[in-house]
Structure formats: structure tokens, C-alpha cells
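Engineer: Before anything else, here's the structure in question.
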Amino acid sequence: MRKLTSTLVAAVALVALPHLALAQRARSAASGPKNEIGVDLGAEYNHAGSGCTADCGGLGIGTPIDIRWGFMASGPLSFEPRFSLSYLSGSASPIGGHVLSFNPDLNVIYRMKKSTARRGMYLTGGLGLGIASAAPSGGTSTTATQLSLNGGVGKRIPTESNAWRVEGFLRYNFANTGKGIPSSFNIGARVGMSFWR
């Protein structure tokens with residue numbers, strides 16, 4: 001009898017185990033993705049404010065303008081660290097030498113109304129740093145940092161397993177008077193792909 005009971009328990013466990021695993025997988029899929037990872041291309045207009053003495057505006061195109069790693073939440077808010085890296089050299093550089101720029105940001109994303117983590121409209125805003133190292137031709141290299149605020153509105157457009165993401169943004173860079181860098185603002189748009197894990 002004991003042998004029959006243990007055999008029945010083992011058989012029931014073997015039959016039930018795949019169903020429990022499928023139920024767990026369905027619960028995980030229903031709870032949604034944990035991370036949104038993306039790369040964007042973009043274009044922006046930059047205009048320097050107070051302290052600008054030369055050409056104070058210009059158009060820039062980035063590839064990629066930023067890399068994103070979003071931490072999804074069950075509510076409408078999620079957090080998204082972003083960063084971009086750019087290098088200008090020679091005639092493309094405003095100083096004739098080279099400029100290396102690294103811009104880390106931390107943004108909050110608010111999903112609007114019926115939007116989900118994979119589709120719909122959102123608002124975003126965040127705080128960032130602009131860290132630039134410039135070396136003019138025949139001169140010495142200098143590094144400076146600017147604090148910035150940014151905001152934007154965007155939309156996720158789903159495809160089969162990922163989504164297109166389109167966003168318009170505004171960024172204000174505070175002046176760094178100690179290094180002689182004027183305040184500036186950027187208005188632009190970015191388009192990219194999002195992937196979930």
C-alpha cells in the first residue's frame with residue numbers, strides 16, 4: 001500500500017509540475033516586463049544664452065543620441081537612466097581640435113491614461129550632467145561640467161516583440177561661470193527602438 005501511495009504521489013507530481021510551471025510563466029508575463037532597453041537617433045537645435053560671444057546656435061544630429069535602461073514599475077511611474085557619448089574632431093569641432101562629451105541623465109517616465117509599458121503616450125522629465133573635455137588645436141585640454149534639466153512628451157508604438165519610441169524634448173543647461181560656459185537650451189526629437197527583458 002505504501003508503495004502504491006508513493007507511486008500515485010509521484011505520478012500526480014509529474015502531471016501537475018508542467019501545469020504549475022506554465023501558471024508561473026503566465027503570472028510573470030502578466031506582471032509585465034522589468035526593463036526597457038533602447039537606443040535612439042535624434043536631432044536637436046542648440047542655442048547658447050547668457051555669456052555667449054560667438055556663434056550662439058546650431059543644429060546637431062546624433063547617432064545614437066542616447067542609450068536607455070528603464071526600470072518598469074506596476075504603477076504609471078518608472079525610472080530611466082540614459083546616457084550619450086559624442087566626439088567631434090577637426091573641422092566638425094567648434095574649437096578646431098576635439099571635443100569629447102558624456103551626458104548621463106536620470107529621468108522619470110509617467111504613462112498617460114490608458115498607456116502601458118509597451119504602448120501609448122508618456123511624459124518624461126529628469127536631471128542630468130553634461131561633462132565635456134575639449135582640446136583646441138595646439139592648446140591644453142580642459143574639462144567642464146554643466147547641470148541640466150530636461151522634459152519631453154513621447155509615444156511608444158508597438159511592433160511584434162519590441163516598440164518604436166518617438167519623443168520630443170527640451171533641455172536647459174545651466175551656466176558654469178567658473179569655466180566660462182554659458183547657459184544653453186536644446187529643442188529636439190529622438191526616435192528609437194525599445195526592447196524588454
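Computed from the coordinates by the stated procedures, all read-outs in this text should not be read as laboratory data. All of these numbers come straight from a predicted model, not from anything done at the bench. Quick reminder, even Gly has a Cβ in these numbers, built from the backbone with ideal geometry, and neighbours come from all protein chains shown.
Engineer: If you take the square roots of the eigenvalues of the alpha-carbon gyration tensor of region 102-197 and sort them as a ≥ b ≥ c, do you get rounded (a/c under 1.5), prolate (a/b over b/c) or oblate?
Structural biologist: prolate
Engineer: Sticking with this one: How high is the FRET efficiency from Val108 to Ser141, r the C-beta distance, R0 45 Å, rounded to 0.05?
Structural biologist: Once the sixth-power term is evaluated, E becomes 0.85.
Engineer: Leu41: net charge of surrounding residues, Cβ under 10 Å, Lys/Arg +1, Asp/Glu -1, itself excluded?
Structural biologist: Neighbour charge sum, excluding Leu41 itself: -1.
Engineer: Amide H neighbours of Met72 under 5 Å, counting only residues 5+ apart in sequence or on other chains, H built in-plane at 1.01 Å?
Structural biologist: Amide H to amide H, under 5 Å and 5 or more residues apart or across chains, Met72 pairs with Asn35, Glu36.
Engineer: Summing Lys, Arg as +1 and Asp, Glu as -1, what charge do residues with Cβ under 12 Å from the Cβ of Gly151 carry, Gly151 excluded? Mind dumping the intermediate values first?
Structural biologist: Working: positive: Arg171; negative: Asp105, Glu167.
Net charge around Gly151: -1.
Engineer: Starting at the first residue of region 155-164, write each ³J(HN,Hα) from the Karplus equation 6.51 cos²θ - 1.76 cosθ + 1.60 with θ = phi - 60°, in whole Hz, x for Gly and Pro.
Structural biologist: Once θ is set to phi - 60°, the couplings for region 155-164 become 8, 9, 10, x, 10, 4, 10, 9, 8, 7 Hz.
Engineer: Ranking request for peptides 149-158, 73-82: highest mean number of other beta-carbon atoms within 10 Å first, then the rest in descending order.
Structural biologist: Sorting 149-158, 73-82 by mean packing, highest first, produces 149-158, 73-82.
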